[in-house]
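This report concerns only the one structure given below.
The values are calculated or read from the model by the stated rules, or taken from the named source; none is laboratory data. Predicted model, so just to flag it, every value in this text is computed and none were measured. FYI the Cβ positions are ideal-geometry reconstructions off the backbone, even for glycines, and counts take in every protein chain you see.
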Amino acid sequence: MTSERLIPSRQAQAALLAFILASALCGGLVLVRAAYRQEFVFGAFLWNLFLAWVPVIAAVSAYALRARNAQRPLITTALWIVWFLFFPNAPYIITDLVHLHERPGVPFWYDLITIMAFALTGLFLGYLSLYLMQEIVRSRFGRMTSWAFALVMLGLSAFGIYLGRFLRWNSWDVLLSPIDTLSNAARIAYLDPNPRVWAFSLTFFAFSLVCYLIVYSFTHLHAWVERAPVIRPPNAG
């Protein structure tokens, strides 16, 4: 990939600014609620949102290295590992909707908006990071391989979300105990499968794929407009 394939700094800054504002909104909603009720209920959501930013930072860094053709194999490998391990944390936040219920003293709609703000911000942070990594794969191996990569990552992410939501696993479990974590994951998926594992994983994969396709199509709308032929009126000179 040459420098011309690097996302223009203006667009990149606008995208990051939008996510920073979204994250600030999430934090503000939690703080306003805490000040109003004198209790800090949704503090864990802030930690989950922080984890959702980790794959974005890794993806942006890996994309920048690739765009500059920088030969940093160790750094690149480390960035890919970090992205792979933490990528499920971004769409995972959508499952925090399980915490939505009536709470005394706070309107139900306020908690709904708060949780949805976190869920959508995390979801789109994950898709941004996946889009950047898919572009890296496409630049090296072609479009078909890049989509195969995206499908595999969405599928593995769905399984990882199940491990996090229902079994309470964390991304760093692989770093602290890689052999045990991977062997246990293989046992859950293949050796001693639970129907709920596959039902949840396949359903969430389908949901993620549809959402990602929508986001992907939005990122290419401007390019399609630029490629469209200019139709001049008959009386145009």
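Odds and ends about this structure:
- Selected residue (criterion: surrounded by the most Cβ atoms within 10 Å (Cβ to Cβ)) from residues of the stretch 130-154 that are farther than 14 Å from Leu213 by Cα and small (Gly, Ala, Ser): Ser139
- Residue selected from the stretch 44-74 under the condition in a helix (DSSP H, G or I) and small (Gly, Ala, Ser), by the criterion surrounded by the fewest Cβ atoms within 10 Å (Cβ to Cβ): Ala44
- Single match in Trp169, Trp147, Trp109 (criterion: over 13 Å from the mean Cα position of the chain (by Cα) and modelled with pLDDT under 90): Trp169
- Subset of the stretch 75-123 (residues that are in contact with a His (Cβ under 9 Å, 6 or more places away or on another chain) and surrounded by 18 or more Cβ atoms within 10 Å (Cβ to Cβ)): Asp111, Ile115
- Those residues of the stretch 98-109 which are in a helix (DSSP H, G or I) and touching a helix residue (DSSP H, G or I) at 6+ places or on another chain (Cβ under 7 Å), in sequence order: His99
- Among the residues of the stretch 73-96, those that are under 19 Å from Leu209 (Cβ atoms) and of a type in the set (A, V, I, L, M) comprise Ala90, Ile93, Ile94.
- Some residue of the stretch 184-201 being modelled with pLDDT of 90 or more and of a type outside the set (Phe, Trp, Tyr): yes
- Among all positions in the stretch 34-43, there is no residue which is touching a helix residue (DSSP H, G or I) at 6+ places or on another chain (Cβ under 6 Å), assigned to a helix (DSSP H, G or I), at pLDDT 90 or above and closer than 30 Å to His101 by Cα.
- Among the residues listed as Thr121, Thr114, Thr95, Thr77, the single one being in a helix (DSSP H, G or I), of a type in the set (Ser, Thr, Tyr) and more than 26 Å from Phe200 (Cα to Cα): Thr77
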